[in-house]
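> Starting off with a structure, shown below.
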Amino acid sequence: MYDALTAAYTFSCPSLGHVRVRLSAFRTLEQLPGAAHPAVFSVRFACPCGNEHVALVPHGELGWEPLGAGEGVFLNLMTDRVEPTARELGDLAAWHIGLGQWPWSFFCYPEERSRPVFPSSFRVVAPAGRRGLLGLAVRCPACATVSVNVVSANHVDVPFHNDRSVGVLEHVFPADVAALVEVYRAELDSAAFDVRRLELE
């Protein structure tokens with residue numbers, strides 16, 4: 001389902017069949033109740049067909065396979081052989097981490113510090129509307145609060161690509177920010193919102 005060489009997930013689409021999307025196309029991520037090892041996440045993603053769809057992603061594919069730890073092969077041009085990617089990409093990831101560089105990071109507003117995370121800590125990914133920036137709501141693994149950073153798509157899509165500067169929304173959000181987004185989304189689509197809007201006009 002994940003290809004480490006193209007940094008893309010393959011999901012099903014009712015109209016296009018199989019589509020390939022990157023992490024920046026994810027909109028909400030929520031861990032499903034039940035077994036925690038392995039945990040399974042419900043992911044809503046923006047599809048190339050123009051709609052949003054839901055897919056299930058195991059924790060390993062969400063956090064470890066982007067580092068090249070999954071199954072995959074590449075053509076080694078030096079040896080002219082097809083070889084597994086896990087060893088090459090795994091060694092590269094270990095080298096970066098040994099230097100203190102984390103695959104993904106975000107700035108925790110309550111703690112006023114940068115924290116390493118994995119995509120399983122992402123809660124909401126929203127396009128910021130200009131220059132390809134994204135609003136990224138992340139649940140801090142240390143303090144469990146949710147902070148929102150404004151980052152580039154590469155900051156999300158490419159492991160070990162951390163933006164030189166990150167925008168930080170100076171607000172502390174509840175831990176269940178994805179549910180809060182769904183409440184507001186449902187309210188915007190409801191007749192109650194239309195009545196309230198008419199009252200304001």
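The values are calculated or read from the model by the stated rules, or taken from the named source; none is laboratory data. None of these values were measured; they are calculated from a predicted model. Neighbour counts are summed over all protein chains in view; Cβ atoms, including those assigned to glycine, are modelled from backbone coordinates with ideal geometry.
> Quick one: would you say ASN51 is modelled with pLDDT under 90 and among the polar types (S, T, N, Q)? First the steps, then the outcome.
Details: modelled with pLDDT under 90: no; among the polar types (S, T, N, Q): yes.
So ASN51 does not fit the description; no.
> Right, next: Considering only the stretch 78-99, I want to know if a residue exists there that is at pLDDT below 90, more than 26 Å from TYR9 (Cβ to Cβ) and polar (S, T, N, Q).
Of the stretch 78-99, the ones at pLDDT below 90 are 78-99.
Now drop any that are not more than 26 Å from TYR9 (Cβ to Cβ), which leaves 78-81, 98-99.
Next cut, polar (S, T, N, Q) only: 79.
Checked against the condition, which is being at pLDDT below 90, more than 26 Å from TYR9 (Cβ to Cβ) and polar (S, T, N, Q), the stretch 78-99 yields at least one hit.
> What are the pairs with Cβ atoms under 9 angstrom where one residue, in the stretch 63-89, is over 29 Å from SER120 (Cα atoms) and the other, located anywhere, is β-branched (Val, Ile, Thr) and modelled with pLDDT of 70 or more? Sequence gap at least six, or different chains.
Between residues of the stretch 63-89 that are over 29 Å from SER120 (Cα atoms) and residues that are β-branched (Val, Ile, Thr) and modelled with pLDDT of 70 or more, the close pairs are LEU75/VAL82; ASN76/VAL82.
> So the check is Cβ under 8 Å with 6+ separation or different chains; which pairs have a first residue in the stretch 113-133 that's farther than 23 Å from SER42 by Cα and a second one that's exposed (fewer than 14 other Cβ atoms within 10 Å of the Cβ) and not β-branched (Val, Ile, Thr)?
From residues that are farther than 23 Å from SER42 by Cα, the pairs are ARG115/PRO141; ARG115/ALA142.
> Looking at the stretch 1-26, I want the residues that are touching a residue at least 12 places away in the same chain (Cβ under 8 Å) and surrounded by fewer than 16 Cβ atoms within 10 Å (Cβ to Cβ) and have a partner that is among the polar types (S, T, N, Q) and part of a helix (DSSP H, G or I) with Cβ atoms under 7 Å, at least 6 apart or on another chain. Which pairs are those?
Close Cβ pairs satisfying both conditions: LEU5/THR85.
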